[in-house]
Amino acid sequence: MSTVQYRIVVAKKDERIDGPDDADIVFTVPAVDAAAEDFDPTVAFMRGKLKASGHTGEILELLKSGDAGTALAALVGTV
(Lines give C-alpha, C1' and ligand atoms only; values in the text may rest on other atoms or scores of the structure.)
Protein backbone atom coordinates (compact mmCIF):
# COMPACT_ATOMS: atom_id res chain seq x y z
CA MET A 1 0.00 0.00 0.00
CA SER A 2 1.13 3.53 -0.72
CA THR A 3 1.99 6.10 1.92
CA VAL A 4 -0.64 8.77 2.53
CA GLN A 5 -0.52 12.36 3.77
CA TYR A 6 -3.56 14.31 4.92
CA ARG A 7 -3.63 18.13 4.96
CA ILE A 8 -6.22 20.44 6.52
CA VAL A 9 -5.76 24.02 5.30
CA VAL A 10 -6.65 26.48 8.06
CA ALA A 11 -5.29 29.60 6.34
CA LYS A 12 -2.61 30.52 3.88
CA LYS A 13 0.65 28.97 5.15
CA ASP A 14 -1.24 27.36 8.08
CA GLU A 15 -1.90 23.67 7.58
CA ARG A 16 -2.37 20.67 9.85
CA ILE A 17 -0.50 17.72 8.35
CA ASP A 18 -0.49 14.01 9.13
CA GLY A 19 1.77 11.73 7.14
CA PRO A 20 5.19 11.76 5.49
CA ASP A 21 6.34 14.57 3.20
CA ASP A 22 7.20 12.10 0.45
CA ALA A 23 3.79 10.39 0.50
CA ASP A 24 2.48 8.70 -2.64
CA ILE A 25 -1.04 10.05 -2.04
CA VAL A 26 -1.88 13.49 -0.64
CA PHE A 27 -5.36 14.62 0.42
CA THR A 28 -5.91 18.38 0.93
CA VAL A 29 -9.12 20.02 2.13
CA PRO A 30 -9.96 23.44 3.63
CA ALA A 31 -10.66 23.32 7.37
CA VAL A 32 -14.01 25.06 6.93
CA ASP A 33 -15.21 22.23 4.66
CA ALA A 34 -13.71 19.41 6.74
CA ALA A 35 -15.25 20.79 9.94
CA ALA A 36 -18.76 20.97 8.48
CA GLU A 37 -21.24 18.74 10.27
CA ASP A 38 -22.25 16.96 7.05
CA PHE A 39 -18.69 16.57 5.67
CA ASP A 40 -18.31 13.48 3.50
CA PRO A 41 -14.82 13.12 1.96
CA THR A 42 -16.13 11.25 -1.09
CA VAL A 43 -18.71 13.94 -1.87
CA ALA A 44 -16.13 16.67 -1.23
CA PHE A 45 -13.74 14.93 -3.64
CA MET A 46 -16.39 14.67 -6.36
CA ARG A 47 -17.31 18.35 -5.88
CA GLY A 48 -13.68 19.45 -6.03
CA LYS A 49 -13.51 20.68 -2.41
CA LEU A 50 -11.15 17.86 -1.39
CA LYS A 51 -8.09 17.65 -3.61
CA ALA A 52 -6.11 14.45 -3.95
CA SER A 53 -2.94 13.60 -5.83
CA GLY A 54 -1.60 10.15 -6.53
CA HIS A 55 -2.93 6.90 -7.98
CA THR A 56 -6.66 7.37 -8.64
CA GLY A 57 -7.58 3.78 -7.81
CA GLU A 58 -5.90 3.99 -4.42
CA ILE A 59 -7.48 7.39 -3.73
CA LEU A 60 -10.95 5.99 -4.43
CA GLU A 61 -10.22 2.92 -2.27
CA LEU A 62 -9.19 5.13 0.68
CA LEU A 63 -12.37 7.17 0.27
CA LYS A 64 -14.56 4.06 -0.03
CA SER A 65 -13.01 2.32 3.00
CA GLY A 66 -13.56 5.36 5.22
CA ASP A 67 -9.86 5.59 6.11
CA ALA A 68 -9.59 9.07 4.58
CA GLY A 69 -12.63 10.32 6.50
CA THR A 70 -11.31 8.97 9.79
CA ALA A 71 -7.88 10.55 9.33
CA LEU A 72 -9.31 13.89 8.23
CA ALA A 73 -11.74 13.95 11.18
CA ALA A 74 -8.83 13.38 13.57
CA LEU A 75 -6.91 16.26 11.97
CA VAL A 76 -9.90 18.60 12.17
CA GLY A 77 -9.87 18.01 15.91
CA THR A 78 -6.44 19.64 16.11
CA VAL A 79 -7.59 22.91 14.51
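For region 42-70, which positions are under 18 Å from I17 (Cα atoms) and either open to solvent by 70 Å² or more (accessible area, probe 1.4 Å) or in contact with an Asp or Glu (Cβ under 6 Å, 6 or more places away or on another chain) (or both)?
K49, K51, G54, D67, T70 - these are the residues of region 42-70 that are under 18 Å from I17 (Cα atoms) and either open to solvent by 70 Å² or more (accessible area, probe 1.4 Å) or in contact with an Asp or Glu (Cβ under 6 Å, 6 or more places away or on another chain) (or both).
What are the pairs with Cβ atoms under 8 angstrom where one residue, in region 51-79, is farther than 13 Å from F39 by Cβ and the other, located anywhere, is surrounded by fewer than 13 Cβ atoms within 10 Å (Cβ to Cβ) and not hydroxyl-bearing (S, T, Y)? Sequence gap at least six, or different chains.
Close Cβ pairs satisfying both conditions: E58/M1.
Condition (residue is touching a helix residue (DSSP H, G or I) at 6+ places or on another chain (Cβ under 7 Å) and small (G, A, S)) applied to region 62-75: is it met by at least one residue?
yes
Of all residues in region 28-41, how many are open to solvent by 20 Å² or more (accessible area, probe 1.4 Å) and β-branched (V, I, T)?
Of the residues in region 28-41, 2 are open to solvent by 20 Å² or more (accessible area, probe 1.4 Å) and β-branched (V, I, T).
Kindly list the number of the only condition in (1) touching a residue at least 60 places away in the same chain (Cβ under 8 Å); (2) of a type outside the set (K, R); (3) not in a strand (DSSP E or B) that fails for Y6.
(3)
Considering only region 37-55, I want to know if a residue exists there that is under 18 Å from T3 (Cα atoms), outside any strand (DSSP E or B), in contact with a helix residue (DSSP H, G or I) (Cβ under 8 Å, 6 or more places away or on another chain) and of a type in the set (D, E, K, R).
Among the residues of region 37-55, not one is under 18 Å from T3 (Cα atoms), outside any strand (DSSP E or B), in contact with a helix residue (DSSP H, G or I) (Cβ under 8 Å, 6 or more places away or on another chain) and of a type in the set (D, E, K, R), which makes the answer no.
The values are calculated or read from the model by the stated rules, or taken from the named source; none is laboratory data. Bear in mind that the values here come from a model prediction, so they are computed numbers and not experimental data. Glycine also receives a Cβ, built like all others from the backbone with ideal geometry; neighbour counts cover every protein chain displayed. Each accessible area value is taken on the protein alone, full model and side chains, heavy atoms only, with ligands, DNA and RNA left out. Shrake-Rupley method; radii C 1.70, N 1.55, O 1.52, S 1.80 Å.
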